[in-house]
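Single-structure report; data block below.
The values are calculated or read from the model by the stated rules, or taken from the named source; none is laboratory data. Everything numeric here is computed off the predicted structure, so don't read it as measured data. For neighbour counting, all protein chains shown are included, and Cβ atoms are generated from backbone atoms with ideal geometry for every residue, glycine included. Quick note on the areas: whole protein, heavy atoms, side chains included, nothing else; ligands and nucleic acids left out. Shrake-Rupley method; radii C 1.70, N 1.55, O 1.52, S 1.80 Å.
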Amino acid sequence: MSFDEKRAWIQAVVAVCGYGTYVAIVLARAGQTPLTEVHYVGTLLWTVGGAIVAGIVLHILSGMVLPGGTGKDQRDREINRFGEHVGQSFVVVGAVGALLMAMAELPYFWIANTLYLAFVLSAVLGSVAKIAAYRRGFQ
């Protein structure tokens, strides 16, 4: 497994776990309270920060523990570019959705969570595209 494929796996797992943690905490806080009234900002910032730190630590540990070269060839660069292009589609969709929500003057909760979900889906979709390209081949 190449170093970039390991990075894709780590990014996908960290994104899903971080977002899952955020959703679980926000839903636990909600109880009988409407979601738009739940204090979510601190939780969002901590889970994003935690995911960034976890990703860095896991990348370092995987480089130290798991075998695999760090050199990139042309195929690795093309797969990375392909995965990034695929993943960015959700950032665009999320930004357009958030823009429409802002124009409709929806609560900040929904706008922020739409953007966060778009970033998570972008990371997961981009990682899945990279993993599939490494596993099934890439032209």
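Quick check: anything in the range 114-137 within 27 Å of M1 (Cβ to Cβ) and over 21 Å from the mean Cα position of the chain (by Cα)? Yes: one or more hits. For the range 4-24, the candidate set comprises residues that are under 11 Å from the mean Cα position of the chain (by Cα) and β-branched (V, I, T); within that set, the residue that is nearest to F109 (Cα to Cα) is V16.
Determine the pairs where a residue that is under 8 Å from G126 (Cβ atoms), located within the range 82-95, has a partner that is charged (D, E, K, R) with Cβ atoms under 7 Å apart, the partner being 6 or more residues away or on another chain. Close Cβ pairs (under 7 Å, with a partner that is charged (D, E, K, R)) amount to G83/K130.
Among the conditions (1) more than 15 Å from Y116 (Cα to Cα); (2) crowded, with 17+ Cβ neighbours inside 10 Å, the only one that A12 does not satisfy is (1).
Return yes when G63 is modelled with pLDDT of 90 or more, on the phi < 0 side of the Ramachandran plot and not polar (S, T, N, Q) and no when it is not. So G63 fails the test.
Of all the residues in the range 108-139, those that are in contact (Cβ under 8 Å) with a residue 60 or more places away in the chain, open to solvent by less than 70 Å² (accessible area, probe 1.4 Å) and either touching an Asp or Glu at 6+ places or on another chain (Cβ under 9 Å) or within 30 Å of Q74 (Cα to Cα) (or both) number 10.
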